[in-house]
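Single-structure report; data block below.
The values are calculated or read from the model by the stated rules, or taken from the named source; none is laboratory data. For clarity, every value in this text was computed on a predicted model and none was experimentally measured. Glycine also receives a Cβ, built like all others from the backbone with ideal geometry; neighbour counts cover every protein chain displayed.
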Amino acid sequence: MRIQFINPPFLGRFSRAQRSPGVIKSGTMYYPYWLAHAAAYAETQGHEIDLIDCPAAGLGRTDLEPRITQFRPDLIVMETVTASWQSDCETAGWIKSFLPESLICMAGTHVTALWRETLEEHPAVDAVAVGEYDITISELATELENSGPQYSRVLGLAYRENGQVRQTQPRPLMQNLDDLPWIAPIYKRFLNPEHYYFNLSHYPMVMLIGGRGCNAMCFYCVYPQVVHGHRYRHRSPEHIIGEIVWIQENMPQIKEITFEDDNFGADRRFARDFAEKVKASSVKLPFFANLRTTVDFETLKALREAGLRNCAVGFESADNMILKNMRKGQNNDIQERFVRDAHQLGLLVHGCFMVGFPGETRETMHKTLAMAMKIAPDSAQFYPVMPYPGTGAYAYYKEKGYLATENFREWLTSDGGHKCVLNLPELTPKEIEDFCEKAFRKFHFRPRYLGYKLKQAFRTPTEGWRSLQAGLKFVLYLFTNKRQTEKSFEVNRMPSAEGWRDFIRVPMGRMERLKKESS
């Protein structure tokens with residue numbers, strides 16, 4: 001069975017695989033790692049595969065057509081996300097116009113949450129792989145090889161039958177992630193590493209997944225809430241190290257490994273074991289990882305000694321009540337302790353800050369900016385909360401009437417930048433957007449920060465070059481983005497709400513609901 005995995009074209013360099021997809025001001029472009037995992041697994045099951053990443057390669061529909069017609073796939077797998085969903089479904093219709101016999105299956109967080117709407121509104125989409133889709137796609141392909149395929153035998157699938165939309169039983173989460181083959185060989189065969197960029201890693205880099213799921217309960221985080229669940233399942237250290245060594249030997253241009261787990265330090269025993277085995281191996285490449293502020297000093301120290309160079313950390317807010325409302329599982333004291341530990345170890349920290357949570361006010365937003373400058377991460381980002389379907393955040397904001405629009409086409413600016421879709425008590429979308437833009441500039445362009453970066457460049461020229469590249473990309477964004485010429489959502493200002501600054505209980509996300517229903 002020939003399976004073609006497609007990251008479809010949308011708004012130029014649209015980075016689809018990240019938690020908040022968009023055309024990123026830093027120039028970031030993620031690898032299509034979920035598609036790569038499914039493609040690699042399908043090949044082990046005897047299927048012929050092809051992988052196309054249109055945004056990274058700069059391919060539009062006219063470039064895509066000859067590649068599709070030449071491969072003539074029996075099954076097409078397209079990954080989609082909230083902002084590109086309408087466009088991706090239209091691309092599916094366009095493919096059907098010249099390849100009507102190919103079955104088109106959508107996958108990703110958005111269609112996992114809204115599989116029924118996808119199948120009811122878009123006839124060109126034949127099926128939806130709901131949840132983790134590695135095994136689902138391979139089993140669907142095997143079923144298609146049979147005469148009179150029975151889709152009902154494939155777990156984790158939504159499809160049409162006799163004009164009716166149906167869904168099979170949920171697919172259990174994969175427990176032994178060592179059953180997944182390495183994805184670096186897939187990257188080497190089908191992708192160009194120079195097309196991908198991550199401003200926190202040395203270029204060119206490779207993105208890997210060490211594990212899936214996150215033991216934190218943050219109500220807005222799309223992958224744990226919608227697809228992977230709230231338990232960290234990881235590959236063995238030997239499996240990961242073997243892939244890194246393969247990269248060193250077969251992709252010599254790669255300068256860093258970027259782990260895109262939600263929290264690489266979620267299981268401290270695994271993290272320390274991995275660190276010790278890296279030090280005893282032939283691994284020479286440094287690595288980046290996402291961490292939480294709850295990672296303890298000894299684990300952080302072990303990872304640092306094994307080659308951890310930089311990490312991204314979700315601080316989100318400086319207000320303890322807001323942190324409690326979002327179910328972050330941390331407070332100001334924990335956040336400040338983590339940064340002190342990282343600085344002591346010489347570890348770089350990228351601080352992630354968001355505004356628009358339950359209880360947010362102008363005062364709490366400015367309090368967050370003040371904390372960012374106080375704890376002094378190496379770099380920072382400021383974004384509005386993006387409440388994607390399937391998360392508890394989406395359920396909360398929709399129920400309260402705080403969504404400025406439910407037209408997903410409008411969730412990005414015309415050139416792909418994130419657009420605030422929240423209209424909160426006494427905080428309009430424009431006020432939240434303006435704060436994020438000003439906070440980013442105020443953090444990075446203050447004399448003290450610029451002086452720190454200059455000293456860093458003299459001490460560590462490679463870090464200086466990385467920062468310079470990131471800075472130049474941001475300056476380019478300032479001169480080319482259309483945000484200043486586009487209006488924010490025109491909304492009626494929401495009055496102050498009773499209990500807005502109180503503790504609340506937010507709704508559960510999709511994976512929490514499934515767990516509760518099955519217990």
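Quick check on segment 269-278. Is at least one of its residues surrounded by fewer than 22 Cβ atoms within 10 Å (Cβ to Cβ) and under 22 Å from the mean Cα position of the chain (by Cα)? Scanning segment 269-278 turns up no residue that is surrounded by fewer than 22 Cβ atoms within 10 Å (Cβ to Cβ) and under 22 Å from the mean Cα position of the chain (by Cα).
Could we say that Arg72 is surrounded by fewer than 23 Cβ atoms within 10 Å (Cβ to Cβ), touching a strand residue (DSSP E or B) at 6+ places or on another chain (Cβ under 7 Å) and either farther than 30 Å from Asp178 by Cβ or free of Cβ contacts under 8 Å to residues at least 24 places away in the same chain (or both) here? Show your work before the answer.
Values: surrounded by fewer than 23 Cβ atoms within 10 Å (Cβ to Cβ): yes; touching a strand residue (DSSP E or B) at 6+ places or on another chain (Cβ under 7 Å): yes; either farther than 30 Å from Asp178 by Cβ or free of Cβ contacts under 8 Å to residues at least 24 places away in the same chain (or both): yes.
So Arg72 passes the test.
Would you check if Thr118 is within 24 Å of Thr391 (Cβ to Cβ), in contact with a Lys or Arg (Cβ under 7 Å, 6 or more places away or on another chain) and crowded, with 20+ Cβ neighbours inside 10 Å? When the stated conditions are applied, Thr118 does not pass them. Considering segment 31-128, the qualifying helices (runs of 4 or more DSSP H), each wholly inside and each with 1 or more residues that are under 30 Å from Gly211 (Cβ atoms), hydrophobic (A, V, I, L, M, F, W, C) and assigned by TED's automatic domain parsing to the domain that holds Ala17, run over 33-44, 54-57, 85-98, 109-113, 115-121. Answer yes or no as to whether Thr480 is over 24 Å from the mean Cα position of the chain (by Cα) and closer than 24 Å to Gln18 by Cα. Yes; evaluated as a whole, the condition is true for this residue.
Out of curiosity, is Phe264 in the same structural domain as His230 (by TED's automatic domain parsing), at negative phi and touching a Pro at 6+ places or on another chain (Cβ under 8 Å)?
When the stated conditions are applied, Phe264 does not pass them.
Looking only at residues in segment 217-240 that are crowded, with 19+ Cβ neighbours inside 10 Å and among the hydrophobic types (A, V, I, L, M, F, W, C), the one that is farthest from Trp115 (Cα to Cα) is Ile240.
For segment 173-187, state whether one or more residues are polar (S, T, N, Q), buried (at least 20 other Cβ atoms within 10 Å of the Cβ) and without any contact (Cβ under 8 Å) to a residue 60 or more places away in the chain. Walk me through how you get there before you give the answer.
Restricting attention to segment 173-187, the residues satisfying the condition of being polar (S, T, N, Q) are 175-176.
Next cut, buried (at least 20 other Cβ atoms within 10 Å of the Cβ) only: none.
No, every residue in segment 173-187 fails to be polar (S, T, N, Q), buried (at least 20 other Cβ atoms within 10 Å of the Cβ) and without any contact (Cβ under 8 Å) to a residue 60 or more places away in the chain.
Between Ala124, Ala83, Ala92, which is touching a residue at least 12 places away in the same chain (Cβ under 8 Å) and under 21 Å from the mean Cα position of the chain (by Cα)? Steps first, please.
Values: Ala124 fails: under 21 Å from the mean Cα position of the chain (by Cα); Ala92 fails: under 21 Å from the mean Cα position of the chain (by Cα).
From the options Ala124, Ala83, Ala92, the qualifying one is Ala83.
Can you tell me which residue in segment 151-167 is farthest from the chain's Cα centre (by Cα), limited to those that are closer than 17 Å to Glu120 by Cα and assigned to a loop (DSSP other than H, G, I, E, B)? Checking each candidate, the answer is Asn162. From the list Asp63, Asp88, Asp53, the lone residue that is closer than 27 Å to Ser20 by Cα and loosely packed, with under 14 Cβ neighbours inside 10 Å is Asp63.
Listed here are the helices (runs of 4 or more DSSP H) enclosed by segment 291-406 that have at least 3 residues being basic (Lys, Arg): 362-375.
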